[in-house]
1. Would you mention how many residues in the range 86-99 are open to solvent by less than 30 Å² (accessible area, probe 1.4 Å) and not aromatic (Phe, Trp, Tyr)?
2. Specify the residue that is nearest to residue 35 (Cα to Cα); the eligible residues are those in the range 75-105 that are assigned to a loop (DSSP other than H, G, I, E, B) and modelled with pLDDT of 95 or more.
Amino acid sequence: QVQLVESGGGLVQAGGSLRLSCAASGSIFSIMIMGWYRQAPGKQRDLVAVSTSGGSTNYADSVKGRFTISRDDAKNTVYLQMTSLKPEDTAVYFCNARILAMGGVSWKDYWGQGTQVTVSS
């Protein structure tokens, strides 16, 4: 069984910084993609940033230049460094990973439970 556990959310003033972490655990054979999505109240869940096993990254236009995604493959962990935070960054942030489990035959998407990020003006 595979599990994603996020940490690092909280309340911060506009212009501040936060670092989110997401650790994948369980019977993992390989991780293809790890990334972050966010969902504000009443809105759909949107991509924030993703990192592939090949080292490429992709960001939503709204966070380019402010957020940085990184991975520690030895720890099966992905990070999201968020700087110059704005009130519109307020949302629940979800970790996502595409994982091939031990003994598995196909890649599956897993989600964390979400962590709240609130940016006050």
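1. Within the range 86-99, the first condition is being open to solvent by less than 30 Å² (accessible area, probe 1.4 Å), and the residues that meet it are 89, 91, 93-97, 99.
The next check asks that each one be not aromatic (Phe, Trp, Tyr); those that pass are 89, 91, 95-97, 99.
Looking only at that region, the number is 6.
2. Here the residue is 76.
The values are calculated or read from the model by the stated rules, or taken from the named source; none is laboratory data. These figures come from a predicted structure and were not determined experimentally. The accessibility values were calculated without ligands, DNA or RNA, using every heavy atom of the protein model including side chains. Shrake-Rupley method; radii C 1.70, N 1.55, O 1.52, S 1.80 Å.
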